[in-house]
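K.L.:
Handing you a structure now.
FYI, it's all coordinate maths here, none of it is from the lab. This one's a predicted model, so the numbers in the text were calculated from it and none came from an experiment. Glycine gets a Cβ as well: all are built from the backbone with ideal geometry, and neighbour counts include every protein chain shown.
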Amino acid sequence: MSAAEDSASRTLPSISQRAVGRTLCSPADRAAQHRPVITARPLIGILAVLLGSLISTLDSRITSFGLADVRGAVHAGFDEGAWIPTAFTVGQMLMGPVSVWLGMVLGLRRLLMISCAIFAVSNFLLPFSPDLRFVLMFQMVSGLASGTFIPLTLGFVAQNLPPRFVVYGVAAYVLNLELSLNIAASIEGWFSDYWSWKWIFWDTALVAPLMLVCVRFGMPSQPINRALLKTADWSGIIYAGAGFSLLYAALDQGNRLDWLNSGLIFGLLLGGGLLLVAFVVQELTNHRPWVDLRFAASGNFPLLFLFIAFFRFSILSTSYIIPQYLTTVQGYRAMEVGGVLVWIALPQFVLAPLTATMLRFIDARLLTAVGFALIGVACFMAAQLTDQWIGDDFLPSQIVQAFGQSIGLTSLIWLNLQHLDPSQVLTFGAVLQTGRLFGAQIGAAFVQTIIRVREQVHSNYIGLHVATGSLLAGDRLQDYARAVAGRSVGPPDADARATALLAHSVQIQANVLAYIDGFMIIGFAVIGMLLLMLLLRSPAPQEERGQDSANAYAHRS
């Protein structure tokens with residue numbers, strides 16, 4: 001018997017996470033005659049995991065849009081309240097890398113049912129919190145519970161649909177993400193205007209039991225794998241989860257605390273960096289590594305991971321810059337912002353199945369490039385921004401962005417799946433979650449800092465032209481003074497109000513120029529990613545990927 005055959009015949013407890021993934025694919029991936037067919041049960045299970053991805057993203061986005069209401073309800077200041085959304089996503093980041101391993105140990109159904117129950121209870125109790133400490137605790141618990149939802153979604157979809165329908169499952173997953181990202185503002189605004197801030201958390205708490213029922217009746221039961229529990233690479237799991245979580249917290253709070261000028265941010269970055277170095281050393285030296293880093297660094301995988309992380313950066317043009325402009329410059333409320341972002345969400349119902357159909361006939365690399373290119377075009381269109389723009393003025397760029405996001409993300413995920421053998425599908429779910437969250441936060445930290453700095457620079461440059469004694473400045477002040485004279489107590493009060501109006505005008509123009517810079521930076525970054533896509537190679541045939549996986553596993557064994 002060859003080394004590879006001997007390795008493949010060993011018992012489950014002695015194999016690594018990537019190889020153990022085959023047991024969750026069995027018998028569908030080990031025997032061609034058992035390929036999945038569409039029946040009611042797996043469709044219910046797929047509905048469950050899609051609900052999970054919707055809950056996970058929607059909860060985070062709604063909380064961000066409704067943060068002011070939550071802060072006010074628990075009497076938290078701006079600085080303390082800024083940790084509320086951070087606590088939730090740090091919990092997701094902590095659970096993301098380990099969720100696949102827990103699914104192998106406990107079984108997908110058992111793990112997701114436990115997570116659903118914990119999430120529902122935690123989100124239901126959060127609005128009753130007496131102070132900020134309890135809010136942060138419940139947010140962390142909810143994040144840990146929902147951190148299992150997205151990593152397990154793609155794996156279950158890929159394993160329980162016939163091969164020709166998997167691409168449509170991927171499109172449904174992308175549709176879920178895009179909807180939850182872009183309807184959150186409308187939902188939060190409606191709750192705030194007509195119901196209560198408490199529904200920011202209760203809405204997903206009520207959906208979680210539905211997900212639990214779908215998990216219970218749509219997923220097969222699996223025994224607890226106690227042997228795998230005993231042979232776990234605990235050090236690697238702890239190093240990765242804690243390291244990514246500390247770095248995420250530092251990135252999320254860095255702009256507010258002025259980065260390395262804050263001892264807290266410096267400590268978080270240092271601690272997270274050291275833990276990730278320890279994780280890499282652990283995985284490279286361990287006989288049974290939790291993650292095969294050598295395999296992950298081979299072929300197209302580094303580039304594909306970079307593209308996953310960059311995608312969340314590229315859509316900051318709609319998820320951050322446009323809402324910031326509408327709120328800061330035009331004074332829009334959350335529901336009004338949602339009315340603009342909905343033009344990203346609504347076209348997805350048509351674009352998602354259309355993209356999936358195109359991927360059956362067109363190279364995924366080409367469509368990925370087309371999607372990213374459209375996002376870049378949308379950014380340059382939005383960069384024509386002026387202080388007169390309102391929501392409707394963003395409509396053309398929003399439509400182009402909608403096409404780009406749907407085509408780009410669906411094609412990118414499908415391209416990743418084409419490079420995986422079935423045993424790696426679940427692990428890819430954890431990689432996708434980590435890249436998605438980490439890429440989004442790196443991008444957000446970068447864009448927020450750039451916009452803040454550029455606003456200060458533009459404010460200074462514009463202020464240099466508003467000199468005392470300047471004819472133009474004097475005329476503007478006189479116009480302002482006349483406009484407010486009827487509502488002022490004498491000329492001195494009118495002059496003071498005129499000066500305040502001129503300062504506000506300078507600030508508005510500086511903000512607009514900073515947002516334009518943000519759009520341009522994202523647009524040029526997209527061009528850089530398109531050039532990197534030229535390095536992508538076509539995926540190997542399925543048989544070759546399976547042989548490579550077996551050889552890698554045999555080498556480690």
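K.L.:
Relative contact order for region 296-557: what percent, with Cα pairs under 8 Å and sequence separation of 6 or more?
P.N.:
32
K.L.:
Rank these for me by crowding, GLU188, GLU336, going from fewest to most other beta carbons within 10 Å.
P.N.:
GLU336, GLU188
K.L.:
Picking from CYS214, SER142, LEU126, whose Cα lies most toward the positive end of the charge dipole for region 118-239 (charges on Cβ: Lys, Arg +1; Asp, Glu -1)?
P.N.:
Selected residue: CYS214.
K.L.:
Here are some values of log10 I(q)/I(0) by the Debye sum over Cα atoms at q = 0.06, 0.07, 0.09, 0.12 Å⁻¹: [x] -0.40, -0.53, -0.85, -1.36; [y] -0.25, -0.34, -0.58, -1.10; [z] -0.32, -0.43, -0.70, -1.20. Which one was computed from this structure?
P.N.:
[z]
K.L.:
Any idea what the dipole of the chain comes to, in debye rounded to 20, about its Cα centre with Lys/Arg Cβ at +1 and Asp/Glu Cβ at -1?
P.N.:
1500
K.L.:
If you don't mind, there's one more thing I want to ask. Taking the Cβ of ALA250 as the center, what net charge do the other residues with Cβ under 14 Å away carry, scoring Lys and Arg +1 and Asp and Glu -1?
P.N.:
-1
K.L.:
How far is it, in nm, from the label point at HIS504 to the one at ILE527 when both lie 7 Å from their Cα along the line to the Cβ?
P.N.:
Label-label distance for HIS504 and ILE527, simple model: 3.8 nm.
K.L.:
Using a Förster distance of 41 angstrom, determine the FRET efficiency expected from the C-beta separation of LEU464 and LEU270, and round it to 0.05.
P.N.:
Efficiency for this residue pair is about 0.55.
K.L.:
Please work out the Cα center distance from region 284-324 to region 504-528, rounded to the nearest Å.
P.N.:
26
K.L.:
OK, next. So, by mean Cβ neighbours within 10 angstrom, what's the order for 449-462, 365-378, 49-62 with the highest one leading?
P.N.:
With the highest mean Cβ count within 10 Å placed first, the list reads 49-62, 365-378, 449-462.
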